[in-house]
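Structure, as structure tokens:
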Amino acid sequence: MADRYDPASFEPAWRKRWKKSDLFKTRENLEAPKFYGADFFPYPSGAGLSVGHCRNYVPTDVICRMKLMQGYNVLHPMGFDAFGLPAENEAIKTKTHPAPMIEKYAATYRRQMELVGVSYDWSRSFSSSDKTFYKWTQWIFELLFKRGLAYRSMAAVNWDPVDKTVLADEEVIGGRAERSGALVEKKYIPQWFFKITDYAQRLIDDLDGLDWPEGIKSQQRNWIGRSEGVQFTITVAASKAKLSEHEDPDFVINTAQRKLAFEVFTTRVDTVFGMTFCVLAPEHALIDKLLKMVDQGQADEVRAYQLRAKTLSDIDRLATNREKTGVFSGAYAINPVNGKHVPIWIADYVLATYGTGAIMAVPGHDDRDFEFAKKFEIDVIQVIAPPDGSEVQLPYIAKDGILVNSGEYDGMSVQDSMRDLGIWMEGLGVGERKIQYRLRDWLISRQRYWGCPIPIIHTKEGEMQAVPYDCLPVELPLVDDYAPSGDGSSPLAHIPEFVNTTDLDGRLGRRETDTMGGFACSSWYFLRFCDPFNDNEPWNFDKAKYWMPVDCYVGGSEHAVMHLLYARFWTKVLYDAGLVTVKEPFQRLENQGSVLALTPYRRPREGENLEVGDEGIVVSYKEAETLPEEDVFHRWTRMSKSKGNVVTPEDAVSTYGADALRMYLLFVAPFTADVQWSNEGMQGQVRFLNKIFKLIDDSKPHYYAEWKETIDFDEIDEVGRDIRRRTHKTIRKATDDIERFAFNTYVSSMMIYVNDLIEIVQKHKANPSRSFVLCLSEAIEALIKIMSPAAPHCADELWTDIGKIGFTVNEAWPAYVPNLAVDDTVTVAVQVNGKLRDTIEIEATVTNETLETIAKDLPKVAAHLEGKTVRKVIVVPKKLVNFVAS
């Protein structure tokens, strides 16, 4: 029996045994409760995993392992998001084909995940680029198409005039192509869309029933952007003359006489009397007609401005810190409530793809409009005042108040005027009260090779036909040259064998050559895991009914909007079609924090340009050692290959062991917090695991395997009762903490428990009572079981060492006796030299010695003690630990 944690001597052997026994193959006893735990579908990159990736894989594994021990059927699958731009660009860069490259990268990911002992059912694994998978992605596309939810329309794309290719938004930085550096242009081409806007309200309403972080729910609601307001028509004045001061007292709206007009939507129709100008997006369809009404010089200015706007991304145009730009169109519009003529401006802070592509500008009560009006010397009029009529500084942004400078509406409240003006506009046929969403339809087209082909045939007559189901999948052809075509079309458009086909009537036709963006595959893969190798349907209805929804979905908050929103949309469509029984795919969502590494930077030299937000230039640790000390500084930054600060699972496991890595990632900080990687923190977990091995080695002479049958809880002495109380409190704490993803306190409770047991064993092992032996035996088994989800290699090794057979994950999770498990906890502050470095939640009965030991091993504390000698330790029971060190 080992008395210390020596991972190399047993961890690889246990992983082989798990694999050989198919330990984690999904059980489907439909009479048992189920638990579906899943991690976000990862894209396998050439860099492989870092320990930062394990920050979500290990915690998900912990809860899945506990659920197995609690008797649940557990579905814990893993696959790979293989299609898409990152894979294609990597393949182009490495001069290989994406298919074998992805297969190689996925094999590396699997090896690394197995190295840290994650309990995935690899028998269900697949990649989105497998034709047995994307056949059903195409099947779902056709379902959307036949239900009127997939359509083709002209849309603007980012065009790189140097590389002659369409770029994704993430490939455009500061208006330039990331690869070529060319100014990006807007180009209009036919694109495929999914009509997610039809589901906008349901996507908002159904968030209420989900166990998700409130911040993520808010981001989804904001992205969908529900607004209640009035959409109304603004007529263009026929005259070219400047009439901004003109008011026609006999002004009447006459729909029949209206020649040029545009629509605007506003949530604040009460401010319409304060409209002093209008703004059209540079791409607005009306502009060409307006320019025929104005002087040639003015028209030339507008066209030049339109060209400049084409080089900017939507993100750049909407940046709040960017100075407003614009150009006067030379034309005027008529305010429908008072007949005043106001100038029409063209400005890029208005987008053609959002709302109507035009706004009424009220600078007295809107920050953007006020900034624009001040720059271009446009009138600013106050039309809303505080309820008490006091003076205010414009712009006055308030949702209550009274109207001023608003004609017959003066003195009316904001809310009443919004109602009455909406009714008045509807009565005249000028506008209507409506609900609008910021959400735009999902653009799914990609003019790239490496993606799921869109299963549509274009007939010579211009019809679009879905490929018959029995002809799916439309396979992606294996070709040597798959680089962007150079003319904006997909590379598939230049492969006659792929393009040329026959339509449903046997006539010559052309295949659709766009592919789907990667979000399509990741919008339903969780359903395929329920029944991954069904050749006849995407999933068996009864199996999906049993397993769905995903009970706990774990991944980074950077996917808070797009992936989660699209997956929710597809699930609702499938529910409406009667194919699934759930309206939402993920009942619970957890977002992990990042793992940060202390990264060296070099201060910039004269003439060197930095990326926006950067303070210096990342250098390698080796290069940093050669530079003058004053030229180098360090920052905690997220681990990434580009920064050269990655710690791989291989590095950590070979140095410290897989279970030490797992324990460190669980203990170092709350699950949602960022983590500063610390070698000393890893050493702390090695020391803790050593303690467990030593404790069980010391306890083994007193271990009695038959304690369950012989224990008489009415006859145990005070020592036995003390052990039992500590055991059952720890079981309760571990169970609750794992359930609520409080893994740091789960580990800290085990630390306290182990220290308590060590103290008790040392005190009583020389003269053990029967009660001591029986209750210690219960404690040893409970400890091994509750540590099993976090440190499964150690647990199985120790389980064997006390004479047990099999794997701990197949054992029943220990149950606690409620009246033994009641105790208070306190939060203790931990200081180094009087400065707060961390806090820890512990049981109120913990001894000062145990408290000191636990506090010293906290990673943040250990980092500040590294290289120092602790001169004194001050412990204030239940309140404070302060290490005095120098």
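The values are calculated or read from the model by the stated rules, or taken from the named source; none is laboratory data. What you see is a predicted model; the values in this text were computed from it and never measured. Because the Cβ atoms are built from the backbone with ideal geometry, glycine has one as well, and the counts that use them run over all protein chains shown. To get the accessible areas, we keep the full protein, side chains included, count just its heavy atoms, and leave off ligands, DNA and RNA. Shrake-Rupley method; radii C 1.70, N 1.55, O 1.52, S 1.80 Å.
The table below gives the values:
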read-out: Members of the stretch 97-120 found to be open to solvent by 50 Å² or more (accessible area, probe 1.4 Å) and of a type outside the set (D, E, K, R), listed by number; value: Pro100, Ala107
read-out: Close pairs (8 angstrom Cβ cut-off, 6 or more residues apart or separate chains): more than 30 Å from Asp288 (Cβ to Cβ) and of a type in the set (A, V, I, L, M, F, W, C) in the stretch 215-237, open to solvent by 40 Å² or more (accessible area, probe 1.4 Å) and in a strand (DSSP E or B) anywhere; value: Ile224/Tyr437
read-out: Residue among Val58, Val74, Val62 that is part of a strand (DSSP E or B) and either among the charged types (D, E, K, R) or under 15 Å from Ser788 (Cβ atoms) (or both); value: Val74
read-out: Residue under evaluation Met663, criteria (1) farther than 21 Å from Ala47 by Cβ; (2) surrounded by fewer than 19 Cβ atoms within 10 Å (Cβ to Cβ), criterion not met; value: (2)
read-out: Total residues in the stretch 772-817, condition open to solvent by 10 Å² or more (accessible area, probe 1.4 Å), within 24 Å of Asp722 (Cα to Cα) and in a helix (DSSP H, G or I); value: 3
read-out: Yes/no for Lys67 being among the basic types (Lys, Arg), at pLDDT 95 or above and assigned to a loop (DSSP other than H, G, I, E, B); value: no
read-out: Members of the stretch 626-641 found to be among the hydroxyl-bearing types (Ser, Thr, Tyr) and either under 21 Å from the mean Cα position of the chain (by Cα) or under 12 Å from Ala597 (Cβ atoms) (or both), listed by number; value: Thr637, Ser640
read-out: Evaluation of Tyr105 against (1) out of contact with any Leu (no Cβ under 8 Å at 6 or more places or on another chain); (2) within 30 Å of Asn810 (Cα to Cα); (3) among the hydroxyl-bearing types (Ser, Thr, Tyr) (one fails), failing number; value: (2)
read-out: Residues (under 32 Å from the mean Cα position of the chain (by Cα) and part of a strand (DSSP E or B)) located in the stretch 440-481; value: Trp442, Leu443, Ser445, Arg446, Cys452, Pro453, Ile456
read-out: Within the stretch 829-846, tally of residues that are among the basic types (Lys, Arg) and either in contact with an Asp or Glu (Cβ under 9 Å, 6 or more places away or on another chain) or buried (at least 20 other Cβ atoms within 10 Å of the Cβ) (or both); value: 1
read-out: Among (1) under 30 Å from Phe24 (Cα atoms); (2) polar (S, T, N, Q); (3) in contact (Cβ under 8 Å) with a residue 24 or more places away in the chain, the one test that Thr850 misses; value: (1)
read-out: Residue that is nearest to the chain's Cα centre (by Cα), among those in the stretch 378-416 that are over 18 Å from Asp366 (Cα atoms) and in a helix (DSSP H, G or I); value: Asp416
read-out: Residue tally, condition crowded, with 24+ Cβ neighbours inside 10 Å and charged (D, E, K, R), over the stretch 50-83; value: 3
read-out: Candidate set: the stretch 310-349, residues that are among the aliphatic types (A, V, I, L, M), at pLDDT below 90 and surrounded by fewer than 21 Cβ atoms within 10 Å (Cβ to Cβ); chosen: the one nearest to Val264 (Cα to Cα); value: Leu318
read-out: Subset of the stretch 700-748 that is under 48 Å from the mean Cα position of the chain (by Cα) and among the acidic types (Asp, Glu) - its residue that is surrounded by the most Cβ atoms within 10 Å (Cβ to Cβ); value: Asp737
read-out: Flag for Gly422 being without any contact (Cβ under 8 Å) to a residue 24 or more places away in the chain, farther than 13 Å from Phe277 by Cα and in contact with a helix residue (DSSP H, G or I) (Cβ under 8 Å, 6 or more places away or on another chain); value: no
read-out: Qualifying residue in the stretch 397-408 (condition: in contact with a Lys or Arg (Cβ under 9 Å, 6 or more places away or on another chain) and in contact (Cβ under 8 Å) with a residue 12 or more places away in the chain); value: yes
read-out: Options Ser523, Ser594, Ser620; residue that is small (Gly, Ala, Ser), closer than 30 Å to Val172 by Cβ and surrounded by fewer than 17 Cβ atoms within 10 Å (Cβ to Cβ); value: Ser620
read-out: Residue in the stretch 25-32 that is acidic (Asp, Glu), touching a residue at least 40 places away in the same chain (Cβ under 8 Å), at negative phi and surrounded by fewer than 19 Cβ atoms within 10 Å (Cβ to Cβ) present; value: yes
read-out: Boolean, Gly429 is in contact with a Ser or Thr (Cβ under 9 Å, 6 or more places away or on another chain), in contact (Cβ under 8 Å) with a residue 24 or more places away in the chain and surrounded by fewer than 17 Cβ atoms within 10 Å (Cβ to Cβ); value: yes
read-out: Among (1) assigned to a loop (DSSP other than H, G, I, E, B); (2) within 28 Å of Val761 (Cα to Cα); (3) modelled with pLDDT under 85, the one test that Glu709 misses; value: (1)
read-out: Test: Val580 is touching a residue at least 24 places away in the same chain (Cβ under 8 Å), in contact with a Leu (Cβ under 6 Å, 6 or more places away or on another chain) and of a type in the set (Val, Ile, Thr); value: yes
read-out: Members of the stretch 569-588 that are of a type outside the set (Lys, Arg) and either surrounded by 21 or more Cβ atoms within 10 Å (Cβ to Cβ) or part of a helix (DSSP H, G or I) (or both); value: Phe569, Trp570, Thr571, Val573, Leu574, Tyr575, Asp576, Val580, Pro585, Phe586
read-out: Hey, Ala358 under 33 Å from the mean Cα position of the chain (by Cα) and modelled with pLDDT of 90 or more or not; value: yes
read-out: Qualifying residue in the stretch 275-284 (condition: open to solvent by 50 Å² or more (accessible area, probe 1.4 Å) and farther than 30 Å from Tyr409 by Cα); value: yes
read-out: Check on Glu371, surrounded by fewer than 17 Cβ atoms within 10 Å (Cβ to Cβ), more than 35 Å from the chain's Cα centre (by Cα) and under 30 Å from Val414 (Cβ atoms); value: no
read-out: Yes/no for Val826 being without any contact (Cβ under 8 Å) to a residue 60 or more places away in the chain and open to solvent by 20 Å² or more (accessible area, probe 1.4 Å); value: yes
read-out: Some residue of the stretch 422-437 being modelled with pLDDT of 90 or more, assigned to a loop (DSSP other than H, G, I, E, B) and out of contact with any strand residue (DSSP E or B) (no Cβ under 8 Å at 6 or more places or on another chain); value: no
read-out: Positions within the stretch 110-156 being out of contact with any Lys or Arg (no Cβ under 8 Å at 6 or more places or on another chain) and at pLDDT below 95, in sequence order; value: Ser153, Met154, Ala155
